[in-house]
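**Student:** Questions regarding the structure given below will be posed in turn.
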Amino acid sequence: MSVIKTAGLFLKGYFGSFGNEKQKGECPPIDFVVAWVDGNDPAWRAEKESYLDKADAYTKEETKDFHFRDWGIFKYWFRSVEKNAPWVNHIYFVTWGHVPEWLDTSNPKITVVKHEDFIPKEFLPTFNANTIETNLHRIKGLSENFVFFNDDMYLNSPFKPTDFFVNGKAVYPAIFLPVANVATNSAFRHMLLSNASLILKMHDVREIVKKNPKLFFSHKYGIYAFTNIFFAYSRPYGSLHFLHMYYPLRKQDFEKVWSECEKEMTESCVNKFRHPYQYTDVLFLAESAMQGGMIPCKMFGHVYLLSHYERIKADMEKEKNRVFCLNDVWNMEDTENVRANLQKIFEDKYPEKSSFEK
C-alpha cells in the first residue's frame, strides 16, 4: 500500500470515527468467567510436581511458587463485581478442583467449573493457563458473549453491559503491537507471534484494515492510532495489543479458530505447563477484530505491583482507573506486610460481604 493511500485510509478512519459507534444498542446476557488456583493445596502441588521431571528450564521457571501465590484478597473480586456490575448474568468459577472456604457455591448466580468439566481429556491434567483460557468456550451453559478475568483483575467503578459488548461486538481497542524482533527471554512475545501466525494463516489482515478503517484508525486510540499506520503501510501484521485486564470474548471466535486451526491449537494445549511457543486468549480478541466484531474504545486500566500498596490505595479511593491488575513478582520482599496492607485496603474499599460469601 502506498504512502498516499495509507494516509487517506488513516484520515478516513480517524475522522470518520467521530460520533461513530457510541456505545448504544442491545446487549444480550453477559457472563463473567474467573480462573483461580490455590497454590497451597498439597494435592494440586503433588500432581504438578509429578509432571515436572521432563520439564525444561523455562517451564520450571514458570512453575515457581510466586506464580500461584494467594494474597487473601480474592473475595474482594466478588464484592467489586457485585457492587460495580450487579447486572452480570452468571459467574463461572474455573478451578483445578479446590474452592475457597468462604465461597458460597449455593448462590444461583455462580457455577464452579473444574478443568475436567470442559477441557478435553487429552489435555488433562493441565497447569497451563494458556490451555485453560483457549478452551473456555467449551464451558457448558456459557453465554455467547462473556468477559474473562484472572483472579488479580478488579473492577474499580460502576460498569454497564455496553462497556463490554454492543450488539454482539466486543468493546476493545484494535491496536497492533510490534513483536517482530522477539527477545529470547520474552516468552509472552513469542506467544504473541504465535497468535499472529494463525491470524495470518486465516486472514489477509491488510485487506481487512482497508475495509474497516473506522475500527483500526479510530480517534479513540489517541496517539496509538498512528501505530496502525505502520502495519497498514509496511507490515502485514504484528499482533493485537493486549491490555492485561479483562477480555470481552465471543464463543464464535473460539469456534472459528479451533475449526480452522485444530492441529495448531491441539499442539499448543498438550503442553502441561506454559511455554513460549503457544497460543493465548489474545488470539480470540484478534479474531473478533478480523471479523469486524469489535468496537473501538480508549486504552484502559493499569497494572500495579503488589508492593506499591500506597499508590493502589490512593487510586482505588479516587477510582482513578476503572479496572486494574495487581501483579506479583518473584523478588517480593516482606510478603506478610504486603499481604496485611492489601487486605486492609480492600476491606476499606469493600467492607460489605457479597452474596457469594458464606
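**Student:** Of the residues in segment 77-89, how many are touching a residue at least 60 places away in the same chain (Cβ under 8 Å), under 18 Å from M153 (Cα atoms) and open to solvent by 10 Å² or more (accessible area, probe 1.4 Å)?
**Tutor:** 3
**Student:** Is there a residue in segment 117-137 that is closer than 30 Å to K214 by Cα and open to solvent by 40 Å² or more (accessible area, probe 1.4 Å)?
**Tutor:** No, segment 117-137 contains no residue that is closer than 30 Å to K214 by Cα and open to solvent by 40 Å² or more (accessible area, probe 1.4 Å).
**Student:** Here is a further query. Go through segment 25-76 residue by residue and tally those that are in a helix (DSSP H, G or I), open to solvent by 40 Å² or more (accessible area, probe 1.4 Å), at pLDDT below 85 and not small (G, A, S).
**Tutor:** Looking only at that region, the number is 5.
Each row is one residue, and each column tells you yes or no for (1) surrounded by 18 or more Cβ atoms within 10 Å (Cβ to Cβ); (2) at pLDDT 95 or above; (3) touching a Lys or Arg at 6+ places or on another chain (Cβ under 9 Å).
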position	(1), (2), (3)
V112	no, yes, no
T162	no, no, yes
V166	yes, no, yes
P178	no, no, yes
V182	no, no, yes
L192	yes, no, no
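**Student:** Okay, next question. Condition check: touching a residue at least 40 places away in the same chain (Cβ under 8 Å), farther than 21 Å from D152 by Cβ and within 18 Å of the chain's Cα centre (by Cα). Does H275 satisfy that?
**Tutor:** So H275 passes the test.
The values are calculated or read from the model by the stated rules, or taken from the named source; none is laboratory data. Predicted model only: the values in this text are computed from it and were never measured. Glycine gets a Cβ as well: all are built from the backbone with ideal geometry, and neighbour counts include every protein chain shown. Each accessible area value is taken on the protein alone, full model and side chains, heavy atoms only, with ligands, DNA and RNA left out. Shrake-Rupley method; radii C 1.70, N 1.55, O 1.52, S 1.80 Å.
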